[in-house]
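These notes are about the structure you will find just below.
The values are calculated or read from the model by the stated rules, or taken from the named source; none is laboratory data. Fair warning: this is a prediction, and the values are worked out from it, not measured in the lab. Cβ atoms come from the backbone with ideal geometry, glycine included; neighbour counts cover every protein chain shown. SASA here: full protein model, heavy atoms, side chains in, ligands and nucleic acids out. Shrake-Rupley method; radii C 1.70, N 1.55, O 1.52, S 1.80 Å.
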Amino acid sequence: EASAFSPLPNDGDFYLLGGGEDDAQIAAVELLRKQDTLNNAIKNGAQIFAVCAGFQLLGESFPASQGSAIKGLELLPIITESATPRSVGELVMDSTIGVDQLTGFENHAGQTKFVGKLQPLGIIRRGTGNHASEKCDGAVTDQIIATYMHGPALVRNPKLADFFLSRKLGELAPISDEKEAVFTELHDSCVERALK
């Protein structure tokens with residue numbers, strides 16, 4: 001856990017960027033830019049998982065209140081613009097990274113467009129994802145996984161959590177069949193409920 005009241009570490013292995021309201025998102029991008037935290041972390045081999053506002057601030061720009069645009073961290077070739085209606089509801093997609101279906105809950109007023117070559121995290125089966133006209137969600141690079149899936153995304157999608165961790169740690173030790181069954185049941189019930 002990092003605090004805005006002390007220097008942010010740039011030597012971590014994993015960085016998780018969550019959602020937030022406009023003011024918090026602007027404060028976060030200013031702090032991250034000032035300290036160059038994520039650029040340095042990426043140079044040090046870190047992996048980043050970003051959700052919603054965290055996804056948006058990794059791009060070239062994102063919207064703030066009263067129609068203004070805020071410069072992002074420019075780690076992904078994306079722009080986010082305000083949109084109505086707000087995208088709220090269950091999100092189900094077929095992953096592009098070989099972990100089957102992914103599920104989460106989206107709640108965002110921004111719509112994100114790729115402005116350069118980029119792999120989405122998944123192809124939408126239900127919900128909006130990045131942009132109503134594009135039918136994809138998130139973005140994946142060698143060191144970044146970004147998405148609009150809340151839920152929380154890594155708990156609802158244990159194979160995605162394993163994929164994220166293994167990118168830095170290598171192959172993970174198998175868990176017991178009993179624990180695997182709990183995670184599989186949670187994931188499958190979330191997918192089933194979302195597709196109703």
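Annotations
- Between ALA132, ALA173, ALA146, the distinction of being within 23 Å of ALA53 (Cβ to Cβ), among the small types (Gly, Ala, Ser) and without any contact (Cβ under 8 Å) to a residue 60 or more places away in the chain belongs to ALA132 only.
- Tally of residues being touching a Gly at 6+ places or on another chain (Cβ under 6 Å) and open to solvent by 10 Å² or more (accessible area, probe 1.4 Å) across segment 103-114: 1
- In segment 156-176, the residues that are farther than 19 Å from GLN143 by Cα and at pLDDT below 90: ALA173, PRO174, ILE175, SER176
- Unmet requirement for ILE123, which otherwise passes all of (1) within 19 Å of TYR15 (Cα to Cα); (2) in contact with a Lys or Arg (Cβ under 9 Å, 6 or more places away or on another chain); (3) open to solvent by 60 Å² or more (accessible area, probe 1.4 Å); (4) of a type outside the set (D, E, K, R): (1)
- Restricting THR112, THR103 to those that are in contact with a Cys (Cβ under 8 Å, 6 or more places away or on another chain) and either closer than 19 Å to HIS131 by Cα or in contact (Cβ under 8 Å) with a residue 24 or more places away in the chain (or both) reduces the list to THR103.
- Residues within segment 180-196 that are under 15 Å from GLY89 (Cβ atoms), exposed (fewer than 15 other Cβ atoms within 10 Å of the Cβ) and among the hydrophobic types (A, V, I, L, M, F, W, C), tallied: 1
- Among the residues listed as LYS159, LYS117, the single one being buried (at least 17 other Cβ atoms within 10 Å of the Cβ) and among the charged types (D, E, K, R): LYS159
- Restricting segment 139-156 to residues that are surrounded by fewer than 15 Cβ atoms within 10 Å (Cβ to Cβ) and within 26 Å of GLU90 (Cβ to Cβ), the residue that is nearest to the chain's Cα centre (by Cα): PRO152
- Residue in segment 59-75 that is nearest to CYS136 (Cα to Cα), counting only those that are open to solvent by less than 20 Å² (accessible area, probe 1.4 Å) and modelled with pLDDT of 90 or more: GLY59
- For segment 16-75, the set of residues classified as out of contact with any helix residue (DSSP H, G or I) (no Cβ under 9 Å at 6 or more places or on another chain), among the aliphatic types (A, V, I, L, M) and closer than 24 Å to PRO120 by Cβ consists of ALA41, ILE42, ALA69, listed by residue number.
- Residue that is nearest to GLY20 (Cα to Cα) [pool: residues in segment 76-96 that are touching a helix residue (DSSP H, G or I) at 6+ places or on another chain (Cβ under 6 Å) and either open to solvent by 60 Å² or more (accessible area, probe 1.4 Å) or not acidic (Asp, Glu) (or both)]: THR80
- Only residues that are closer than 15 Å to PHE105 by Cβ and touching a residue at least 40 places away in the same chain (Cβ under 8 Å) were counted in segment 153-170, giving 5.
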